[in-house]
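Heads up: the structure comes next, in structure tokens.
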């Protein structure tokens, strides 16, 4: 039996073993050829396929939206925005950020379609920058920033549901005053609990798909329930769309509004998540862009409708700001339903959605750590690049990433506004990692010189690239401002020193060790890099 026939027989046998219908010869041939083409593209970049391509378009969309999960992000981070302008800031902020995120999504989609790789932005950087222009350093720095963004995203997401868990108790005990250590303990316990969901590869596609359905189900149930229970006592349109409530202490309403954009921006972050699953899906050059743009579209519809519905049901904004729960959305549920039990039930749906979000987050950070270690970009790379043969996942990379998330959680013990610092770190690290390959695409390689994939938007894509770079510069500055005044040690935004410190450590590591060990592009991959020019054949998207 030839190798080709043996592979087809293996595919049929695997389907039969899983209890599904037998593949026809044509289907087996098609699956083999598709997998082979994907693996050949990966080999051209200098990598070997090590992960099973078991994710479908729905499970990839589940990972992408399950992590970004915009309506959940609005719920979880409402405390970061509602004081910076009230409902008006959130509603119009969602529109602004959705437009910007569409540009970011287009940029990532074009690059992932042209250069599908689990490394995502740091591999794109290496392809787009010539070897004689410090391509290895910029690729390394981009990978370091992307992984740091994933770590801070995990930390901020776990912190949001940890705060929610403590808020449940506070809602039922009005005299209870939550302490930082309460949330910190919940944070560490949840980080350990969520760790185990990413320890077995075969169940991950099912978890990702389930997380998508749970999120959409929870969104529908909460929105309908809150609106139905508030019937006859809705707030005024002026309260939702016109009135500006500035409780930050900043004299400038405009500055307060801009700082508050961290809430919707965090809710639309992590759009690169799906790109790091490129080696676990067939036809990644088509599927990954669909997932990214689908995530933005679903995120806008759900978060916009959800926010308007919730704010029309607010009865007393002052009571929400003064509540002991520290979770505005929980108090909105309480005011709408009129009883604590119902509010906690709806809060549990948010909590379950948050668990799915965190599981996707762990999947993402582990893949980034693994792919970057494959190129010797991290300490202990020889261990971190190993795919565990029993579980089919990069177990060491997963454990290492979760351990660092646990350390980042310690920030909460030092600042009452640590969530803002983590959210800012998440947004800034990721935007910087997007900006590097985007800048290289525009000003080093040139868009017309890239052999693009099926997703390519021409002039609109160029506009999206420019917006991505400009927004990165703007957000990195304004989101580092403290959320409230007067500024004290407890409410200081520590994102700037953390980001600067991390970049400094990364640069030092590069000069001490990274420059010697970071994977040089071999001859085969270098030939591919040089070939990434000219026009690609027309492909239907």
- Task: Among the residues of region 109-140, write down those that are part of a loop (DSSP other than H, G, I, E, B) and in contact (Cβ under 8 Å) with a residue 24 or more places away in the chain.
- Result: 115, 116, 117, 118, 119, 120, 129, 130
- Task: List every residue pair whose Cβ atoms sit under 7 Å apart, with the two residues 6 or more apart in sequence or on different chains, where the first one lies in region 325-340 and is on the phi > 0 side of the Ramachandran plot and surrounded by fewer than 24 Cβ atoms within 10 Å (Cβ to Cβ) and the second, anywhere, is modelled with pLDDT under 90 and in a helix (DSSP H, G or I).
- Result: 326/79
- Which listed residue, of 85, 64, is buried (at least 24 other Cβ atoms within 10 Å of the Cβ) and modelled with pLDDT of 85 or more: 85
- Item | Test result for residue 377, over 30 Å from residue 78 (Cα atoms), crowded, with 24+ Cβ neighbours inside 10 Å and in contact (Cβ under 8 Å) with a residue 40 or more places away in the chain | yes
- Message: Looking only at helices (runs of 4 or more DSSP H) that lie completely in region 253-341, which have at least 1 residues being touching a helix residue (DSSP H, G or I) at 6+ places or on another chain (Cβ under 8 Å) and farther than 29 Å from residue 169 by Cβ?
- Response: 253-260, 262-267, 284-312
- Item | Meets criteria (assigned to a helix (DSSP H, G or I) and either touching a residue at least 40 places away in the same chain (Cβ under 8 Å) or buried (at least 19 other Cβ atoms within 10 Å of the Cβ) (or both)) for residue 238 | no
- Item | Which numbered condition residue 408 fails, given (1) crowded, with 22+ Cβ neighbours inside 10 Å; (2) within 21 Å of the chain's Cα centre (by Cα); (3) closer than 25 Å to residue 284 by Cβ | (3)
- Note on the structure: Within region 175-203, the count of residues that are exposed (fewer than 14 other Cβ atoms within 10 Å of the Cβ) and either in contact with a strand residue (DSSP E or B) (Cβ under 9 Å, 6 or more places away or on another chain) or outside any helix (DSSP H, G or I) (or both) comes to 3
- Identify, from the list 143, 167, the residue that is on the phi < 0 side of the Ramachandran plot, under 22 Å from the mean Cα position of the chain (by Cα) and assigned to a helix (DSSP H, G or I). 143
- Which condition number in (1) part of a helix (DSSP H, G or I); (2) in contact (Cβ under 8 Å) with a residue 24 or more places away in the chain; (3) within 23 Å of residue 421 (Cβ to Cβ) is the one that residue 474 fails? (2)
- Only listed residue being at pLDDT 85 or above and surrounded by fewer than 22 Cβ atoms within 10 Å (Cβ to Cβ), chosen from 129, 95, 90: 95
- Query: Looking at 427, 477, which is the one that is over 18 Å from the mean Cα position of the chain (by Cα) and modelled with pLDDT under 95?
  - Reply: 477
- Message: Tell me whether region 487-496 contains one or more residues that are on the phi < 0 side of the Ramachandran plot, outside any loop (DSSP other than H, G, I, E, B), buried (at least 17 other Cβ atoms within 10 Å of the Cβ) and free of Cβ contacts under 8 Å to residues at least 24 places away in the same chain.
- Response: yes
- Within region 149-161, can one find any residue that is under 28 Å from residue 379 (Cα atoms) and more than 17 Å from the chain's Cα centre (by Cα)? no
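The values are calculated or read from the model by the stated rules, or taken from the named source; none is laboratory data. Not measured: the values here are computed from a predicted model. FYI the Cβ positions are ideal-geometry reconstructions off the backbone, even for glycines, and counts take in every protein chain you see.
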